[in-house]
Every structure is written in structure tokens, then in C-alpha cells.
Amino acid sequence: MEDKKDTKIRGYLPSPNTDVDSPDYPSDYREETAAEIAAPVPLARPTFQERSKSDQGTRTEAGTGMGWAALILSILSLFVMPILFGAAGIVLGFVARRRGAEGLGSWAIGIGAISIIVGIFILPFF
């Protein structure tokens with residue numbers, strides 16, 4: 001049952017169809033909406049230790065190649081373009097450490113940092 005106020009307000013509102021002048025038109029100001037269906041998102045993400053336990057074998061092999069590449073770039077930076085190759089060696093060293101090659105990554109980071117320091121502060125005097 002409609003209220004008198006509702007009927008009065010409906011009389012003032014324009015009709016969505018210009019051909020129909022009826023305020024009791026059933027689809028006045030109604031919207032059609034749809035809901036998207038998606039897979040539920042888990043609220044809790046696995047911790048770093050749980051992720052590292054699940055892929056222990058593949059991480060070391062992938063990190064070793066990246067670690068060798070970072071070490072080669074860092075050693076090359078001692079002789080040619082220390083800023084560019086040293087920075088690239090440091091970045092790849094961090095990636096290698098993240099993938100499981102802690103030793104190679106640490107050496108690459110250290111040698112790259114030494115190369116940058118030598119390139120900035122000592123080589124300009126020669």
C-alpha cells in the first residue's frame with residue numbers, strides 16, 4: 001500500500017518515458033545491476049619461510065645462474081665502466097640472494113660496491 005506522500009512526490013517526478021505520462025509506471029528510477037563472479041581471494045598470504053620451504057629445490061638452481069651473472073658483472077666492473085656494471089652487479093646480487101644463492105649474491109654485492117667506490121673516489125686522480 002502506497003503512502004499519500006509517496007504518490008504526491010511521484011507526481012512531481014518526470015517519467016522516464018516521454019510517451020507515457022503515468023507516475024505509477026513500475027520502472028521509474030530503477031536500475032539494473034549485475035554482480036561479477038570471481039574466485040575468492042585468500043586473506044592470509046603464506047609467509048616467506050613457507051614459500052621458501054615449498055620451492056627449496058628450484059630456488060637454488062635459478063639463483064646460482066643469477067649469482068654467477070652478478071659476480072661476472074661485478075668483476076668486470078673493476079676494469080670497465082665501474083658505475084654501470086657495478087650497479088648492475090649489485091642489483092643482480094640482491095636478486096640472486098633472494099632466489100637462494102646467498103654466497104654468490106653477497107660476493108657480487110661486495111665487489112660491485114668496492115668497484116663503485118674505487119671508480120668514484122680513486123680513479124679520477126689517475
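The values are calculated or read from the model by the stated rules, or taken from the named source; none is laboratory data. These figures come from a predicted structure and were not determined experimentally. With ideal geometry, Cβ positions are generated from the backbone for all residues, glycine too; neighbour counts draw on all protein chains shown. SASA here: full protein model, heavy atoms, side chains in, ligands and nucleic acids out. Shrake-Rupley method; radii C 1.70, N 1.55, O 1.52, S 1.80 Å.
Give me the pairs, please: first residue somewhere in segment 74-103 and farther than 20 Å from ILE120 by Cα, second residue anywhere and at pLDDT below 90 and open to solvent by less than 30 Å² (accessible area, probe 1.4 Å), beta-carbon distance under 6 Å, and either six or more positions apart or on two chains.
ALA96/GLY63; ARG99/GLY63; GLY100/GLY63; ALA101/GLY63
Give ALA87, ALA108 a once-over and let me know the one that is at pLDDT 90 or above, open to solvent by less than 90 Å² (accessible area, probe 1.4 Å) and touching a Leu at 6+ places or on another chain (Cβ under 6 Å).
Sole residue among the options that is at pLDDT 90 or above, open to solvent by less than 90 Å² (accessible area, probe 1.4 Å) and touching a Leu at 6+ places or on another chain (Cβ under 6 Å): ALA108.
Where the second residue is among the charged types (D, E, K, R) and at pLDDT 70 or above and the first is closer than 12 Å to GLY103 by Cα and lies in segment 55-73, which pairs have Cβ atoms under 6 Å and are six or more apart or on separate chains?
GLY63/ARG99; MET66/ARG99
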